[in-house]
Structures are given as structure tokens and as C-alpha cells.
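Here the structure comes first, spelled out in C-alpha cells, and everything after it is commentary.
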Amino acid sequence: MENIRNFCIIAHIDHGKSTLADRLLEFTQTVQKRDMQAQLLDDMDLERERGITIKSHAIQMDYLYQGKKYVLNLIDTPGHVDFSYEVSRSIAACEGALLIVDAAQGIEAQTISNLYLALGQDLEIIPVLNKIDLPGAMIEEVSDQIIDLLGCKPDEIIHASGKEGIGISDILAAIVERIPSPEGNPEAELQALIFDSSFNSFRGIEVIFRVFNGRIRKGDKVKFVATGKQYEADEVGVLRLDKEPREFIGAGDVGYIISGIKEAKEVKVGDTITHVARPTPLIVKGFEDVKPMVFAGIYPVETSEFEELRASMEKLQLNDASLVWEPETSAALGFGFRCGFLGMLHMEIVQERLEREFDMTVITTVPSVQFHCYLTRGEMIKISAPSEMPDPSLIDHIEEPFIKAQIISKSEYVGSIIALCMDKRGIIKNQIYLTSDRVELSFDLPLSEIVFDFFDKLKTISRGYASLDYELIGFRESNMVKLDIMLNGEKVDALSAIVHRDKAYDWGKRLCEKLRELLPRQMFEIAIQAAIGQKIIARETVKAMRKNVLAKCYGGDISRKRKLLEKQKKGKKRMRQVGNVEIPQEAFMAVLKLE
Ligand code: GTP
């Protein structure tokens, strides 16, 4: 065990974690140069296209240091605030962390929040000043920021460039020298923590774990403590570039198990694996339950695909423990699921993964946060969809979730950031100058005002020089109302929203205007109305038109006609017929695009 090191890489988004991980894999010859591709660990297409890490990835490296062989288990983690849940899970499996800071950007909001997560688990922190090759690198200034934050010595900071391959051997040496080897007793009862899982269509469900005590052998009879289910370990192994089977995985190490698990719900990330015959009295402290921040309905475009969608969601959940859902029905859309997401990016990713990995075409409805609704008869109910809102006469008061937001920016943007937060019903709590031109601002803000487009707005007004991190602080009373949308006099539940009364009129008006732009013209006129209770507050009309694409084709070029028809069909894919009106996906997201 003394030659094992388990570490993760934590950083603010885009500070270069994945690139640095590539260099470590190359340097330790875990990957041969010819097999190398950029951001190797970001193996989902989506991650590559967007250039972001969504999932944590574990990989094992061998490293020869001063004549001794070491096994290094690296866990790459995502940087975006939506995925901090993945970070907290990776951290629980490690003894140390590389804290990467971009030398041209300096410390940002998630540098701090991820660092606190790591310190909370007593990880040894190795600070790495990255991207020193950039002309804009502010080596001294950012080093000072790191020293201030960590209280470390200047020579403990490793200067590196993932791009140019600078500082890689220093980082590896520091991992061996500074990060403690895992503790634990290989002879004790088996105690392993599940920190990830995935579904592989050939091999079934693979569970990734870290062994704290004991060892797990191929053929062992094991038990997952929380679910109580028992399995035989058909295969255990380590995570190299591919999965490599081993006879056993011992205390301190990271590995995978394949054991005939049938259903996604049998695996709970944070659960403990132990032996049936000799169970551990120690349950690894699991993780906090995920707190979804945004809720939305997901519906199949084809109503007949509901069961298929359920199976796909179950499989996806296995690979994304932060996704929560339950069945719901909508008068407009039929059977679907109410899902909880960590944020809007997470929601987008889920929708895209359902489409790409499971070939499902889905509609997601207007996102909402979860409100606490206190009824006059004393009881409290949680509502995360406008359709769940009781009749106003039954409501005593409603509370909405508030967050504490930490914004770090250049001082010249402070004025506009404060103005933006005030407009979002925020209350400024604190303002600290980190250096002469970097400021940390704290606000209390309603979650519903920031989950949607706040971050984009913040980036725009600060020209990209602001970073945001937030945590839930509780619920506060707010004057929320339900804004209904009607198409040709019929309420479309999937389009309504819960909004603050002060903003309701303005929203209703702009929402109707936006919907007028987004709803395709049809053979008849469509009246779009916004209402609060019985009161209509806005109205727009989509004029009738016969949209005949074939009218453009003179003559009889049949192949051209077919192409046009196919194009039209494709364009229609993400649409749902509600009553006699066709609603495209964009319309459900219209509330998010109000300027
Ligand atoms: P997330 O996983 O999404 O949080 O990002 P990340 O921290 O893994 O960053 P990634 O490695 O994807 O790098 C972000 C960008 O910075 C990419 O465009 C890289 O090419 C670039 N980059 C990474 N390391 C360096 C470096 O050392 N020098 C320079 N100049 N650019 C770098």
C-alpha cells in the first residue's frame, strides 16, 4: 500500500485539468504517443465537442521514482459549478489533490469552492501554477494569490504548462513525496466505497470503487450495504486505458467490479461494498444527497416511447448519479418524467445524452426551481412545476430557495455586477478586495433568478472577467404567482411558469411576444394569451398561413421535392402537438430567452 497514491485534479473551469492529465498519462507511458489524443479522459463525444469535462474519470498509472515503482490513481474532475457533485465524490476516494490555477486568470470562484471541498476531506493540496507559457501569465501575482489562499510557501507551488509539457516530472515527484499513501488494513473486513458506475451495452453495469480495508477477489460473494443485494464478483480489475482484469484489488487501491447487476437502481453511488460472509462493521461515510436546483419535465416526442424513455433514463442515471426523476403527467404532453438537475448545463447535457446515447427524441418543458408552498390548513407542500400549484385561495404563503453567491471579478466591473444582482432581487452581503483590482462580492439571491441566464449576463457585463459560485442557504417568503399560457383559449400546462408578482406582467407580455416568434404559422390563427388566475394580462396572435414548401418547386423534379419534404419532416422532429397547435421545443424554453 505504501507505493499507492490516490489523487484528483481540481480547478476552476478551463484552467487546464484535462490537458495536464494528458501529459501525466504520456509521461508515465500509460498511453503511448501514437494512441494519444487531446483530452484523452474526456471520452464522451459531448465532452470533446464542448471542450468540457462532465464526468469524473479514473485512470491508473505506473511511475518509477528514484528506483521504486509507484501506482498512481488519477481521478479527473469537472470544473463547472453544475458538476461539483462529481468533484465531491472523487475527493472522497483520494488522499491528495492537485490544485491547478491558470497563471493568466488567477484564482477564481470554483478554485476556491473546490479547494474547500478538498480541505473538508483533509486532502493534501499540491498547488500548480499552470499555463506559464502564456504571454499573459502573471506568475508573481497569481503565486501571491495562491500563497494567500493556502498559506503555503512560494517553493511549494509547481510552475507548469500542460500545453508545453513543462513541470510534469515535478508534479509527479510531488505526488509521490507529498501525498500520503493510503491507510487501511488489507487483512480486515472488506470495506469499499462506490464512487462511480456506468453502463456498457456489452458488459452490463460496471461499478467503480475505492477499497479502504480488506481486499476484493474475483469470485468473492459480495454485498452492497445500502441496497442489501448480493452478487458474485465475476470480474474485478483496474482502470488502465482499458479495463484490465486482476485477481484481486487490495486496500488503498481503486478498481472496478462486474457482477451481474441487473438494474441501475441496484447501484447507489456512496454505498459500501463488503463480503457476505465477513461484513465490515465500518460503513464508509457516503456522500450528501444531491440537491437538484432546477426541475423540468422530460417527455417523449412520440407518446408511445414512454416506456423506452424510462429504460433510457434508468441507464443514464447509472452514469449520472446526480440526475433525479419521477413519473409525471401533463394534460398537454401526456406521460413523462419530472426531473431534477444541478443546473441548466446539466439539463442540456441530459437531454443531449438521451438523444445521442439512447436515440430518444425528447421535449423538455419550462424549467423551474422548487418552492415550498404553505397551505392555509397548515401543511407544506413542495412544488417544482406550475401545474402542482394549488388554488390561490388555499395558499397561506410561498417560500422560494435562496442562494449565497460568490462572485470574483475585476474591480472595474463592480458597479455593473451590483446593478445586475439588484435587478435579480439580490441583497449585497459583502465586498472584499482580494488584491488592488480583484474583488470578491457576496450576495443573497433567489435561486430562480440565477439558474437560467444569470451566468451569461454576468460574463457579458464583465467581459468574461467574472466567476461565480453558489450554494443553497435556505428558503425565504416571496410573492410568487402562477403565470398561465393559453393557446386558442386552452391552458397549456407545460408552458406556464411560477414567477414573482412584481415581474409577472412584464414577463407575461414578453413571453407572449416571444411565443409569437417561435410558434410556426399554421392553417388557422393562434391566439396566445398570458393569464394570472382569471385575469388575461397579455395577448398576441400568430396569423394563419399555409406553409407549403412544395410551392417553391416548379416542374417535376421529384428528388428535389423529396429532399424538401424530408427537410420539413426533420425540422418537425422536436415538436409536440397540443390540441391542434404544434409547439416546437424552443417554445418551452422561451421564458429563458426573454431579454
Ligand atoms: P474543464 O474540464 O471543462 O473544467 O476544463 P479543463 O480545466 O480540463 O481545461 P482543458 O484542459 O480542457 O483546457 C482548457 C483550454 O486551455 C484548452 O483550450 C487548452 O488547450 C488550454 N490549455 C490547457 N493547458 C494549457 C497550457 O498549459 N498553456 C496554454 N497556453 N493553454 C493551455
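The values are calculated or read from the model by the stated rules, or taken from the named source; none is laboratory data. Values in this document were obtained by computation on a predicted structure and should not be read as measured data. Cβ sites come from the backbone with ideal geometry, for glycine too, and all protein chains shown count toward neighbours.
Can you find a residue that is surrounded by fewer than 16 Cβ atoms within 10 Å (Cβ to Cβ), under 24 Å from Asp133 (Cβ atoms), without any contact (Cβ under 8 Å) to a residue 24 or more places away in the chain and more than 16 Å from the ligand (Cβ to nearest atom) anywhere in region 155-172? So far as region 155-172 goes, yes, one or more of its residues are surrounded by fewer than 16 Cβ atoms within 10 Å (Cβ to Cβ), under 24 Å from Asp133 (Cβ atoms), without any contact (Cβ under 8 Å) to a residue 24 or more places away in the chain and more than 16 Å from the ligand (Cβ to nearest atom). Tallying residues that are surrounded by fewer than 20 Cβ atoms within 10 Å (Cβ to Cβ) and in a loop (DSSP other than H, G, I, E, B) within region 344-388 yields 6.
The one condition from (1) closer than 30 Å to Glu308 by Cα; (2) touching a Ser or Thr at 6+ places or on another chain (Cβ under 8 Å) that Ser467 does not meet is (1). Hey, does region 288-296 have a residue that's under 30 Å from Glu400 (Cβ atoms) and without any contact (Cβ under 8 Å) to a residue 40 or more places away in the chain? For region 288-296, residues under 30 Å from Glu400 (Cβ atoms) and without any contact (Cβ under 8 Å) to a residue 40 or more places away in the chain: present. Here Cys152 meets the list (1) surrounded by fewer than 20 Cβ atoms within 10 Å (Cβ to Cβ); (2) within 16 Å of the ligand (Cβ to nearest atom); (3) at pLDDT below 95 almost entirely, failing just condition (2). For region 108-122, a residue qualifies if it is under 15 Å from Arg89 (Cβ atoms), within 18 Å of the chain's Cα centre (by Cα) and among the hydrophobic types (A, V, I, L, M, F, W, C), and exactly one does: Leu117.
Output yes when any residue across region 27-37 is modelled with pLDDT under 90 and surrounded by 16 or more Cβ atoms within 10 Å (Cβ to Cβ), and no when none is. There is at least one residue in region 27-37 that is modelled with pLDDT under 90 and surrounded by 16 or more Cβ atoms within 10 Å (Cβ to Cβ). Filtering region 61-68 for residues that are touching a Gly at 6+ places or on another chain (Cβ under 8 Å) and either modelled with pLDDT under 90 or away from the ligand (no atom under 16 Å from the Cβ) (or both) leaves an empty set. Just to be sure before I move on: is Asp45 within 12 Å of the ligand (Cβ to nearest atom), at pLDDT 60 or above and acidic (Asp, Glu) in the structure I sent? Taking the combined requirement at face value, the residue does not satisfy it.
Here Ile132 fits the description: within 16 Å of the ligand (Cβ to nearest atom) and part of a loop (DSSP other than H, G, I, E, B). Scanning region 227-267 for residues that are surrounded by fewer than 17 Cβ atoms within 10 Å (Cβ to Cβ) and in contact (Cβ under 8 Å) with a residue 60 or more places away in the chain yields a total of 2. How do the strands (runs of 3 or more DSSP E) wholly within region 431-545 filter down when requiring 2 or more residues that are at pLDDT 85 or above and farther than 25 Å from Tyr374 by Cβ: which remain? Passing ranges, in order: 438-446, 480-487, 526-532, 535-542. Going through (1) closer than 25 Å to Ile59 by Cβ; (2) outside any strand (DSSP E or B) one by one, Ser304 falls short only on (1). Look at (1) closer than 24 Å to Arg5 by Cβ; (2) modelled with pLDDT under 95; (3) outside any loop (DSSP other than H, G, I, E, B) and you find that Phe199 fails only one, number (1). Of all residue pairs spaced 6 or more apart or on separate chains, those with beta-carbon atoms under 8 Å, a first member in region 1-26 that is in contact (Cβ under 8 Å) with a residue 40 or more places away in the chain and assigned by TED's automatic domain parsing to the domain that holds Glu95 and a second member that is near the ligand (Cβ under 9 Å from one of its atoms) and part of a helix (DSSP H, G or I) are Ile9/Lys17; Ile9/Leu20; Ile9/Ala21; Ile10/Lys17; Ala11/Lys17; Ala11/Gln110; His12/Gln110; Ile13/Gln110. Here region 1-25 is the region considered, the condition is being among the polar types (S, T, N, Q) and touching an Asp or Glu at 6+ places or on another chain (Cβ under 9 Å), and the residue that is nearest to the ligand (Cβ to nearest atom) is Ser18. For region 98-126, a residue qualifies if it is more than 10 Å from Ala11 (Cα to Cα) and either touching a Cys at 6+ places or on another chain (Cβ under 9 Å) or more than 15 Å from the ligand (Cβ to nearest atom) (or both), and the qualifying residues are Tyr116, Ala118, Leu119, Gly120, Gln121, Asp122, Leu123, Glu124, Ile125, Ile126. The combined condition, being of a type in the set (Phe, Trp, Tyr), buried (at least 18 other Cβ atoms within 10 Å of the Cβ) and in contact (Cβ under 8 Å) with a residue 60 or more places away in the chain, is fulfilled by Phe195. Restricting Leu550, Leu565 to residues that are touching a helix residue (DSSP H, G or I) at 6+ places or on another chain (Cβ under 8 Å), modelled with pLDDT under 75 and exposed (fewer than 12 other Cβ atoms within 10 Å of the Cβ) narrows the list to Leu550. For Val142, the test of being within 12 Å of the ligand (Cβ to nearest atom) and in contact (Cβ under 8 Å) with a residue 40 or more places away in the chain is failed. Taking region 491-541 as the range and being in contact (Cβ under 8 Å) with a residue 60 or more places away in the chain, charged (D, E, K, R) and more than 23 Å from Leu447 (Cα to Cα) as the test, the residues that pass are Lys491, Lys514.
Scanning region 575-589 for residues that are under 30 Å from the mean Cα position of the chain (by Cα), outside any strand (DSSP E or B) and not aliphatic (A, V, I, L, M) yields a total of 3.
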